[in-house]
Amino acid sequence: MCGIAGIVALASGSKAPSREALAHMAGALEHRGPDEFGIYRDARAGLAHSRLSIIDLASGQQPLSNQDGTLWISFNGEIFNYVELREELKGLGHVFKTASDTEVIVHAWEAWGEAAFERMNGQWAVALWSSRDETFVLARDRVGVRPLYYAEAGGRVLFASEVKALFAGDPSLPRELDPVGLDETFTFWSVVPPQTLFKGVRELEPGHVRVYRRGTLQHDVAFWKPAYPEAGVPMFKGSLEDATLALDAALAKATMLRMVRADVPVGSYLSGGLDSSVVAALAKRVKPSGFRTFSLRFADAEYDETPYQRAMVQRLGTEHAEIVVSRQDIANVFPTVIRFTERPVLRTAPAPLFLLSKLVHDNGIKVVLTGEGSDEMLAGYDLFREAKVRRFWAKNPKSAWRPLLLQRLYPYLSRSPVSQQALTRQFFGRGLERAKDPGFGHEPRWSSTAALKRLFSAEVKAAVGELDVVKRFLSTLPPEFPRWSFLAQDQYIEVRTLLSGYLMSSQGDRMLMGNSVEGRFPFLDREVIALANSLPASYKLKLLDEKHVLKRVAKDLVTPEILNRPKQPYRAPDALSFVGPERPAYVDEAMSESALKASGLFDPKAVGQLWQKCLGRKDDGQFSNTDNMAVVGVLSAQLLHSQLVASAPAKKEPPLKTVVER
């Protein structure tokens with residue numbers, strides 16, 4: 001796991017990227033790779049790399065080249081089937097000088113070109129530069145586990161794992177938030193690539209490869225797209241028992257690969273939920289002794305899952321460490337969290353995960369397995385159940401009992417959106433006539449979140465204008481989308497809007513790499529994704545039983561308490577973390593009228609009324625869902641503006657241990 005960055009001149013005769021600029025880009029990413037730093041530079045291109053050493057510790061330094069030095073790579077991530085690919089390439093006559101997965105990518109590009117990415121099973125962001133034919137390539141893994149940003153300015157392309165590195169490489173890039181990116185965030189909870197929060201900066205879409213040749217953009221195309229069964233054409237033809245056995249085998253292999261394809265110890269998160277417990281149990285089979293697990297506990301009982309965590313630790317017999325997080329801890333670390341997310345967030349959930357990854361780092365572990373991706377691939381979210389009930393209700397809108405099924409959802413919320421029948425009918429009953437329309441399952445969340453946009457300043461509203469980001473997103477759905485099951489449609493949209501932009505970014509990659517820890521995600525293995533997508537909807541969501549097939553797999557892996565517990569997603573204290581009398585000084589400063597006017601993002605009067613309304617509240621039950629999101633969203637956007645717009649990123653040149661100049 002690493003940080004990558006670089007600059008490529010699009011026109012011949014352009015000034016070569018400076019060593020200083022490349023060093024500053026690598027320095028901005030030091031948290032992603034503090035072990036080694038490297039630079040490659042020629043007359044047209046410069047690649048920079050900050051390395052977190054995981055595979056081939058002795059000879060896997062980057063940037064790395066082919067045999068004659070005409071093809072160079074800067075790579076962030078892991079290719080878990082690199083051993084098998086290397087043997088295939090050796091059979092084609094390729095000669096390797098290292099044992100790294102990075103060199104496999106170089107030879108794979110030489111052998112297969114863009115088709116190489118289809119063969120890779122892993123999580124990656126890649127930049128390749130060929131001086132022989134002046135080809136520059138950017139590629140990103142299937143679901144966007146690893147980030148990759150780029151900007152075209154002054155006849156050059158800049159790329160980096162994080163936006164702050166782009167700014168460090170070219171201070172002339174405009175540091176300005178994009179109102180459309182802000183509008184998307186306050187609708188979907190995240191931007192949808194290629195949109196970003198910054199004007200002039202784009203994010204490579206997951207599963208895409210972008211190719212420039214001789215200074216001209218050749219194309220930016222998907223090398224992979226998710227596939228789901230179409231009506232009457234089953235993809236997985238076996239029984240539920242067959243699916244259980246297939247998923248068991250696929251997850252076991254995915255976990256094994258992520259354990260053994262590392263030259264450092266691998267640990268695992270253990271949240272107390274089904275997903276991380278399954279992963280930890282499968283990993284323990286690979287490493288029966290000395291296996292490390294890590295848990296996050298909360299001082300607030302409403303969010304704490306300690307009994308489930310400890311029951312699983314006792315079952316597995318792992319070497320376990322845990323951290324207890326309070327509201328004050330969340331408030332104290334929140335500015336640091338936003339520095340790493342590089343985007344506003346509507347929940348504080350990333351903050352405790354940042355503290356958990358620090359615990360991992362402090363225990364000397366560089367790699368952890370987590371259960372992320374299971375809910376997206378196997379239909380674990382309440383949204384999927386909620387949408388199924390609403391579509392059932394839509395078949396008979398006047399039914400008195402059908403909407404009562406919604407009461408089986410959200411039992412973990414002190415202010416459940418289904419606790420009052422009248423409000424349930426009013427909120428979830430809207431738009432039932434559109435039950436067959438794309439996006440129907442997500443409409444309640446989108447409309448609820450979009451209500452926060454009333455806080456936007458007049459300038460932001462004017463800049464967004466008549467653009468409807470929901471309509472824009474729905475216009476990009478693939479032609480086959482209407483032929484999928486409703487569950488598949490809901491899953492596809494969830495993956496496109498939230499998996500990469502929020503779950504993998506704000507809660508995954510950024511919170512792990514902020515402490516120089518690599519996350520690995522068995523549920524996002526290429527074969528697991530393909531299998532999960534191929535399954536009939538009823539295998540994943542059986543009536544209202546979410547992740548049904550996974551529960552069958554987990555029967556012999558986890559404790560009965562975990563297997564039978566009601567669904568409880570990971571949550572943390574939100575606005576409550578910032579309104580107490582001991583809140584840090586930065587909170588009131590960021591929410592002040594002067595700071596709000598300076599950023600120009602929000603209406604000071606509207607935010608002031610919200611802030612005064614929320615101050616003094618003593619428990620989460622006193623906050624509506626909207627107020628929770630509003631406080632966290634405004635505060636995080638204000639911090640983002642302060643850190644990356646109002647202030648120039650500090651230039652940090654690391655000690656360059658590996659420098660290759662051409």
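Here, each number is a calculation from the coordinates, and none is a lab measurement. Since the structure is predicted, the reported quantities are computational estimates derived from the model, not experimental observations. Cβ coordinates were reconstructed from backbone atoms using ideal geometry, including for glycine residues, and neighbour counts include every protein chain displayed.
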Inset, instruction - List every DSSP H helix in the chain whose Cα atoms extend 20 Å or more along the helix's own long axis and whose mean Kyte-Doolittle hydropathy is at least 1.0. - result: none
Legend entry - Per-residue ³J(HN,Hα) for the stretch 197-207, Karplus 6.51 cos²θ - 1.76 cosθ + 1.60, θ = phi - 60°, Hz, x for Gly and Pro: 7, 10, 4, x, 10, 10, 10, 4, 5, x, x
Legend entry - Cross-link reach list, lysines versus K551, counting only Cα pairs under 21 Å and skipping chain neighbours closer than eight places: K237, K253, K284, K388, K540, K542, K567
Legend entry - Bridge type composition, the chain - antiparallel percent by DSSP, nearest 5: 75
Inset, instruction - Using θ = phi - 60° and the Karplus relation 6.51 cos²θ - 1.76 cosθ + 1.60, list the HN-Hα couplings for the stretch 560-576 in order, rounded to whole Hz, with x at every Gly or Pro. - result: x, 4, 6, 5, 9, 6, x, 4, 9, x, 5, 9, 9, x, 9, 4, 4
Legend entry - For E443, E518, E342, order by how many other beta-carbon atoms lie within 10 Å, fewest first: E443, E342, E518
Legend entry - Proximal lysines relative to K613, as straight alpha-carbon distance under 29 Å, when same-chain residues fewer than 8 apart are discounted: K453, K461, K597, K605
Inset, instruction - Net charge near V211: determine it from the other residues with C-beta under 9 Å of the C-beta of V211, scoring Lys and Arg +1 and Asp and Glu -1. - result: 0
Legend entry - For R520, distant residues with modelled amide H under 5 Å away: V368, L369, T370
Legend entry - Dipole moment magnitude, nearest 20 debye, the stretch 320-360 about Cα centre, only Lys, Arg, Asp, Glu C-beta charged: 140
Legend entry - Kirkwood hydrodynamic radius of the stretch 1-62, from inverse mean 1/r over distinct Cα pairs, in Å: 11.9
Legend entry - Dipole of the stretch 575-645 [Lys/Arg +1, Asp/Glu -1 at C-beta], most positive-end residue of V587, Q622, A598: A598
Inset, instruction - Express the relative contact order of the stretch 2-224 as a whole percentage, based on alpha carbon pairs under 8 Å and six or more residues apart in sequence. - result: 20
Inset, instruction - Would you please state the base-10 log of I(q)/I(0) at q = 0.09, 0.17 1/Å for the stretch 2-224, with intensities from the Debye formula using one equal scatterer on every alpha carbon? - result: -0.33, -1.23
Legend entry - Loop trypsin sites (Lys or Arg not before Pro), the stretch 62-109 (other Cβ atoms within 10 Å of the site Cβ: 15 or fewer; DSSP): K97
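Given charges of +1 on the Cβ of Lys and Arg and -1 on the Cβ of Asp and Glu, with all other atoms neutral, how large is the dipole of the chain about its Cα centre, in debye to the nearest 20?
Approximately 1180 debye in magnitude.
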Legend entry - Whole-angstrom gap from the stretch 168-209 to the stretch 86-135, using each part's C-alpha centre: 29
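Which of the trypsin sites (Lys or Arg not before Pro) found in the stretch 149-257 are in a DSSP loop and have at most 10 neighbouring Cβ atoms, other than their own, within 10 Å? The partial results should precede the final answer.
Details: sites: R156, K164, R175, K199, R202, R210, R213, R214, K237, K253; in loops: R175, K199, R214, K237.
Loop-located and lightly packed - K237.
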Legend entry - Sum of -39500 (n - 2.57) over DSSP H runs of 4+, divided by residues of the chain (222 nm, nearest 500): -11000 deg cm²/dmol
Legend entry - Cβ-placed point charges (K, R +1; D, E -1), dipole of the stretch 383-485 about Cα centre in debye, nearest 20: 460
Legend entry - Largest-first principal axis extents of the Cα set of the chain (Å): 73, 61, 49
